[in-house]
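Report on the structure given below.
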Amino acid sequence: MKPTPGGPDPAQTQPDVLTAVARTWADAVAGTSYVPLPRAEVEALLRALLGRLQATLVADRFRPEEGCAVGAALVDAHFTDARTLSHSLTVLWEAAARLDAPRSQVGARWHVLVGALAEGYARASQERALREQDEIVTAALTARYQAEQALQMSEARLRAVFAGARVGIGIGDLDGRIIDLNPALAAIFGYPTEELRRRRVQDFMHPTDSEPVWRLYDDLIRGDRDHFRVEKQFFRANGDSVWTHLSVSLLRDEAGRPQYQLAVVHDVTELQQLQTQLRYEAHHDPLTGLPNRTLFLAQLDSIFASAEAGTRVGLCFLDLDGFKAVNDTLGHEVGDQLLVKVARRIDDVVTAAGHLVGRLGGDEFVVLVPGSTGRGQLVELADRMLAVLAAPVHLAGREIAVSASIGIVERPVEGIDPAELLRAADMTLYWAKADGKNRWAVFEPDRDARDINRYALSSALPAALDQEQFVLHYQPLMKIADRSLHGVEALVRWRHPTLGLIGPDEFVGLAEESGLIVPLGRWVLQAACRQAYEWFGTCPGSPFISVNLAAQQLREPGLVEDIRNALVSSGLHPQQLQLEITESAIVGTDHSTRSTLRRLSDMDLRIAIDDFGTGYSNLAYLRHLPIDEIKLDGFFLRGVRATEDIDPVDEQIVASLVSLAHVLGLTVTAEGVETAAQVSLLAAMGCDAGQGTHLGPPADAVEMAFRPPARPVGVLPIGELPVQFGQVRPG
Ligand code: C2E
Ligand code: MG
Ligand code: MG
């Protein structure tokens, strides 16, 4: 109940809410206290208890014990009628919506708090009953000592206790014949007093009695013990069971010989039921009635604990596809109903097959197959679940299409623990989602290891950037015609402290997923421009440095500024910088990306399309963009490593691409040049430049500058690079 802006001050509103709830609560428990309090005092008391609950609800550190204390306080105030607790719980559940606390807290914490209250109440009221029982036994024994003849002389006193007591009291002889009982005991058993007098204690055996109960009884009758106390069920006259706390004492004569037995019986059926219900609620999801996470994990643990060698186990981790959209568009109520229907369908399939199902939360369900027979069994089960979910659900006058994704793990129990099994299934579920949803995926250890690696790498990336663990390698782009240097491509690597040098294919994608590519790309730009200045100085006619740009960088508003900074701080001329962008990063993008491209081109930078041929290969489209160069992907040359391999069709395609690019005024660099034959072919086609191991593999800046000049015949003299750099360096 957050106040609306301009609405009443919460400090004002909240006391009123609490007072109003206290009033409702007082109505609900009216007359359930054995010590009648004036109405105003009852309200004040309940208001104070509500204040404690509310404070617990919003506290930074949540302390559910406070709920127990409030429950006990109710008992202390003599609210001990059987109806007090159930009436109180009803009021408190309904009050949740009115309390001043964030909804998420009300939902989760209030449930726990009210449960704790019930538990505290139950415990306090049991303790109270036991205290009362002891008081009665003491009274009886005291009476016996005070009188000359135990029962006769204390009769007046005992009668008073009998009549007024709320607990049942009965006296029997040593044969078990019931001699006397009070009205409360008759009420507990549901028999008329006279009928009970004709009964014997032994008639009140119950099928659930444990052997020790009757052994204790025999000990007592024999005089080997004076007292025992047990929890025991009895049958009522109508056949119902009644749960009691039973306390039996032996009364002896003056010579110490056993003479009578005194039983004090407290009916705890309602508390017992409540505890059973609380236990059920703590282990079941209130919406679907399925076992919740706690119970499911407990079942999983116990299966692992009791599994014999060679036992297998299977787990399906199921998550609905696009459930959030249902909640967002049709509302949470419809979402809840949908979950109920889905749960029922899954439960039907799973329970019929004798497996266990639970709801872990949200739209996540898990199915456990103890003693599974193999992967096939789980796949079949997953197929059946997908099939029953495929039928549309009719809700709120609509037909809602449902689908789910399922992660499957099936394996021996040895060598894995429950937590790892769940993690593996959860990871596999993610694969099923990533592979297109509405399907199952089966756990694969190799893929998992790769994912774990990826995750580890991804989370180490930000620190790696801070600690400057990235380095640049450089690869020459050589002109085919005169074998002089066209440009140098900067290629980033990660010098990982334990894994060694890692190539960009392993981390650039991760950096794109996390957005780290933007600061990383900025660093690459600056480092590459600085290096290029060191080699070439400021000279528009020199070879250029070619820097790869990720699609995400292109959409980043600060890109133009970053590039300007890199140029200004390094001193490089814009014509000495080429940006490599893949076709897919440009095609189909919005107006602002294209206008970024234009601004870059207006700055006089070179723009190249990287890996041309792997994407749309649409030169006609690219014609409208400010592009200087295309870099033909290495696959065009892959089949033509030797002269005799050359496929005339491939050759013609490349030749046409080159001449088309030339018509559009673009230069062409071929990637993946690995043989001399490829160089000759490119030369014949009029391709402008080439890049590849044959022309110079990537190397760090130092190695790049000092490559030996002498090379085998047919290999271009990359070693002359420093000389060429020297030639173009001004001054
Ligand atoms: P790319 O831009 O197409 O870079 C060329 C890749 O081909 C480089 O791989 C290079 O080592 C490799 N290569 C060079 N010569 C040959 C050859 O003769 N044969 C074959 N098969 N391959 C050759 P690398 O360095 O592993 O880079 C892979 C990709 O990573 C690059 O492909 C680029 O897309 C990306 N990348 C590299 N550095 C950066 C960067 O700083 N930023 C961004 N966004 N991406 C980068
Ligand atoms: Mg590139
Ligand atoms: Mg490339």
Selection from region 339-361 of residues that are open to solvent by 10 Å² or more (accessible area, probe 1.4 Å) and free of Cβ contacts under 8 Å to residues at least 40 places away in the same chain: V349, T351, A352, A353, G354, H355
Flag if G361 is under 25 Å from G436 (Cα atoms), assigned by TED's automatic domain parsing to the domain that holds G322 and at pLDDT 95 or above: no
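Keeping to region 398-421, report how many residues are open to solvent by 60 Å² or more (accessible area, probe 1.4 Å) and either touching a residue at least 40 places away in the same chain (Cβ under 8 Å) or of a type in the set (V, I, T) (or both).
4
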Only one of D590, D611, D562 that is within 16 Å of ligand 3 (Cβ to nearest atom) and either surrounded by fewer than 20 Cβ atoms within 10 Å (Cβ to Cβ) or on the phi > 0 side of the Ramachandran plot (or both): D611
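Would you confirm, using the coordinates I've provided, whether L472 is under 30 Å from A432 (Cα atoms) and of a type outside the set (S, T, N, Q)?
Criteria not met by L472.
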Residues of region 264-273 satisfying the condition of being open to solvent by less than 30 Å² (accessible area, probe 1.4 Å), assigned to a helix (DSSP H, G or I) and touching a helix residue (DSSP H, G or I) at 6+ places or on another chain (Cβ under 6 Å): L271
Answer residue from region 673-708, given it is in contact with a Gly (Cβ under 8 Å, 6 or more places away or on another chain) and farther than 30 Å from F470 by Cα and is farthest from ligand 3 (Cβ to nearest atom) among those: A676
T538 at pLDDT below 95, in the same structural domain as T669 (by TED's automatic domain parsing), polar (S, T, N, Q) and within 27 Å of D505 (Cα to Cα): no
Pairs where the first residue, in region 619-640, is within 13 Å of E583 (Cα to Cα) and the second is open to solvent by 40 Å² or more (accessible area, probe 1.4 Å) and within 12 Å of ligand 1 (Cβ to nearest atom), C-beta under 8 Å, 6+ apart: K631/D611; D633/D611; D633/T614
Filter result for R439 (modelled with pLDDT of 95 or more, at negative phi, open to solvent by 60 Å² or more (accessible area, probe 1.4 Å) and touching a strand residue (DSSP E or B) at 6+ places or on another chain (Cβ under 8 Å)): yes
Residue ranges of helices (runs of 4 or more DSSP H) in region 276-377 with at least 3 members of a type in the set (D, E): 332-352
Evaluation of D604 against (1) in contact with a helix residue (DSSP H, G or I) (Cβ under 9 Å, 6 or more places away or on another chain); (2) more than 16 Å from ligand 3 (Cβ to nearest atom); (3) on the phi < 0 side of the Ramachandran plot (one fails), failing number: (3)
Scope region 479-510; condition under 19 Å from M704 (Cβ atoms) and within 15 Å of ligand 2 (Cβ to nearest atom); matching residues: H486, G487, V488, E489, A490, L491, V492, R493, G503, P504
Residue within region 550-561 that is in the same structural domain as S595 (by TED's automatic domain parsing), more than 18 Å from V492 (Cβ to Cβ) and among the β-branched types (V, I, T) present: yes
Residue match in region 491-506 (condition: within 30 Å of S680 (Cβ to Cβ), within 11 Å of ligand 1 (Cβ to nearest atom) and either touching a Leu at 6+ places or on another chain (Cβ under 6 Å) or in contact (Cβ under 8 Å) with a residue 60 or more places away in the chain (or both)): yes
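Each row is one residue, and each column tells you yes or no for (1) in the same structural domain as R606 (by TED's automatic domain parsing); (2) closer than 25 Å to R555 by Cα; (3) surrounded by fewer than 15 Cβ atoms within 10 Å (Cβ to Cβ).
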position	(1), (2), (3)
D435	no, no, yes
H473	yes, no, no
L485	yes, no, no
R493	yes, yes, no
L520	yes, yes, no
A532	yes, no, no
Flag for Q576 being buried (at least 16 other Cβ atoms within 10 Å of the Cβ) and within 16 Å of ligand 2 (Cβ to nearest atom): no
Region 662-686 residues that are more than 11 Å from F636 (Cβ to Cβ) and without any contact (Cβ under 8 Å) to a residue 12 or more places away in the chain, paired with ones that are within 16 Å of ligand 3 (Cβ to nearest atom) and open to solvent by 40 Å² or more (accessible area, probe 1.4 Å) (beta carbon under 9 Å, 6 or more apart): G665/D628
Selection status of V518, within 22 Å of L600 (Cβ to Cβ) and within 15 Å of ligand 2 (Cβ to nearest atom): no
Test result for L216, surrounded by 14 or more Cβ atoms within 10 Å (Cβ to Cβ), farther than 24 Å from R166 by Cβ and touching a Phe, Trp or Tyr at 6+ places or on another chain (Cβ under 7 Å): yes
Residue list for region 507-518, filter: open to solvent by 20 Å² or more (accessible area, probe 1.4 Å) and in contact with a strand residue (DSSP E or B) (Cβ under 8 Å, 6 or more places away or on another chain): V508
Residue within region 250-262 that is farther than 30 Å from L356 by Cβ and either assigned to a helix (DSSP H, G or I) or β-branched (V, I, T) (or both) present: no
Unmet criterion (only one of (1) at positive phi; (2) at pLDDT 95 or above; (3) buried (at least 17 other Cβ atoms within 10 Å of the Cβ)) for G571: (3)
Residue check, D267 of a type in the set (D, E) and either within 23 Å of A129 (Cβ to Cβ) or over 56 Å from the mean Cα position of the chain (by Cα) (or both): yes
Residue in region 172-179 that is at pLDDT below 90, open to solvent by 60 Å² or more (accessible area, probe 1.4 Å) and not hydrophobic (A, V, I, L, M, F, W, C) present: no
Single unsatisfied condition, I545 versus (1) within 12 Å of ligand 1 (Cβ to nearest atom); (2) under 39 Å from the mean Cα position of the chain (by Cα): (2)
Residue within region 533-554 that is touching a residue at least 12 places away in the same chain (Cβ under 8 Å), closer than 23 Å to L516 by Cα and more than 16 Å from ligand 2 (Cβ to nearest atom) present: no
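The values are calculated or read from the model by the stated rules, or taken from the named source; none is laboratory data. The shown structure was predicted, so the numbers you read here are calculated from the model rather than taken from an experiment. All Cβ positions, glycine included, derive from the backbone under ideal geometry; neighbour counts span all protein chains shown. Just the protein is used for accessible areas: all its heavy atoms, side chains included, with ligands, DNA and RNA removed. Shrake-Rupley method; radii C 1.70, N 1.55, O 1.52, S 1.80 Å.
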